[in-house]
Each structure stands twice: as structure tokens, then as C-alpha cells.
1. Loosely packed, with under 10 Cβ neighbours inside 10 Å and among the hydroxyl-bearing types (Ser, Thr, Tyr): which single residue out of Thr17, Thr3 fits that description?
2. Only one of (1) in contact with a Pro (Cβ under 7 Å, 6 or more places away or on another chain); (2) open to solvent by less than 60 Å² (accessible area, probe 1.4 Å) is not met by Gly94, so which one is it?
3. Does the stretch 37-58 contain at least one residue that is touching a Phe, Trp or Tyr at 6+ places or on another chain (Cβ under 7 Å) and over 30 Å from Leu101 (Cα atoms)?
4. Can you tell me which residue is nearest to Ile92 (Cα to Cα) among those in the stretch 24-48 that are open to solvent by 90 Å² or more (accessible area, probe 1.4 Å) and modelled with pLDDT under 90?
5. What do you reckon, is Thr78 surrounded by 11 or more Cβ atoms within 10 Å (Cβ to Cβ), over 30 Å from Val106 (Cα atoms) and not aliphatic (A, V, I, L, M)?
6. Search the stretch 63-80 for residues that are modelled with pLDDT under 95 and of a type outside the set (A, V, I, L, M, F, W, C) and pair each with any residue that is open to solvent by 30 Å² or more (accessible area, probe 1.4 Å) and part of a loop (DSSP other than H, G, I, E, B) when their beta-carbon atoms are under 6 Å apart and the residues are at least 6 apart or on different chains.
Amino acid sequence: MTTAQVIVTIAMVLLGTMITRYLPFLVFSGSRTPDFVRYLGRFLPSAALGMLVVYCFKDVPFLSGNHGAPELIAACATIALHVWKRQMLLSIAGGTIAYMLLVQLVF
């Protein structure tokens, strides 16, 4: 790429990022937020997390091998850490570390 193409590419990426970040705040500012958008804001995060859990467990062999024990133990560790400390990064890191230790050292 030439220098001009690099500058134009960076400018377009910057413009696209700014539009996608600022446009919702401009369109839905104040009391103009539609009820449907409020509904999505209330229920979509839980639905996305539920879908991630299903995706994480979809290929776990529950009927063979270790029967999904490391995955279930790590998921329980993640839940326990989150209920205990209420810190998302700690929960994610703790569950990931628990899973890696179980897979590498125990199972």
C-alpha cells in the first residue's frame, strides 16, 4: 500500500468506529429511546451469556472419557467466584485457570 492508501484506510476505519460508537447516543438520546430498544437492553445481555454457555458446552463428551468433569468443575468455580466476589474479570480468570490446571494436571 502506498502512504496515501494507508492514510485513507486509517481514516475510514476511524470514521466507521466513530459512527458506530456515537450514532446510537445521538439517535436515542434522552427520552426518545423506543421501548423495544429498552427491552433489548434489559434482556439481551442475559441471552448472550446463555448462548455462550451453550456454545462452550456443545462439544463436551459427557458420555465418554472424563464425562466433562473438568468443564463442569471449572464452570462451578467460575460461578462460585462470581457469587463470592462479584468481579467479572476475577471470575473469568479463575475459571480459565481452574480449567487449565484440571486439564493439564488432573485429567
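1. Values: Thr17 fails: loosely packed, with under 10 Cβ neighbours inside 10 Å.
Sole residue among the options that is loosely packed, with under 10 Cβ neighbours inside 10 Å and among the hydroxyl-bearing types (Ser, Thr, Tyr): Thr3.
2. Status for Gly94: all satisfied but (1).
3. Residues of the stretch 37-58 that are touching a Phe, Trp or Tyr at 6+ places or on another chain (Cβ under 7 Å), as a first pass: 37.
Filter once more, so that each one left must be over 30 Å from Leu101 (Cα atoms): 37.
Yes, some residue in the stretch 37-58 is touching a Phe, Trp or Tyr at 6+ places or on another chain (Cβ under 7 Å) and over 30 Å from Leu101 (Cα atoms).
4. Filtering the stretch 24-48 for residues open to solvent by 90 Å² or more (accessible area, probe 1.4 Å) gives 25-26, 31-32, 35-36, 38-39, 42-44.
Next, only the ones that are modelled with pLDDT under 90 stay: 25-26, 31-32, 35-36, 38.
Values: Phe25: 30, Leu26: 33, Ser31: 35, Arg32: 36, Asp35: 32, Phe36: 31, Arg38: 27 Å.
Here the answer is Arg38.
5. Values: surrounded by 11 or more Cβ atoms within 10 Å (Cβ to Cβ): yes; over 30 Å from Val106 (Cα atoms): no; not aliphatic (A, V, I, L, M): yes.
Considered against the rule, which asks whether it is surrounded by 11 or more Cβ atoms within 10 Å (Cβ to Cβ), over 30 Å from Val106 (Cα atoms) and not aliphatic (A, V, I, L, M), Thr78 comes out as no.
6. Asn66/Phe107; Gly68/Phe62; Pro70/Phe107
The values are calculated or read from the model by the stated rules, or taken from the named source; none is laboratory data. Keep in mind it's a predicted model, so treat the numbers as computed, not measured. For neighbour counting, all protein chains shown are included, and Cβ atoms are generated from backbone atoms with ideal geometry for every residue, glycine included. For the accessible areas, the whole protein counts, side chains as well, though only heavy atoms, and no ligand, DNA or RNA atoms are used. Shrake-Rupley method; radii C 1.70, N 1.55, O 1.52, S 1.80 Å.
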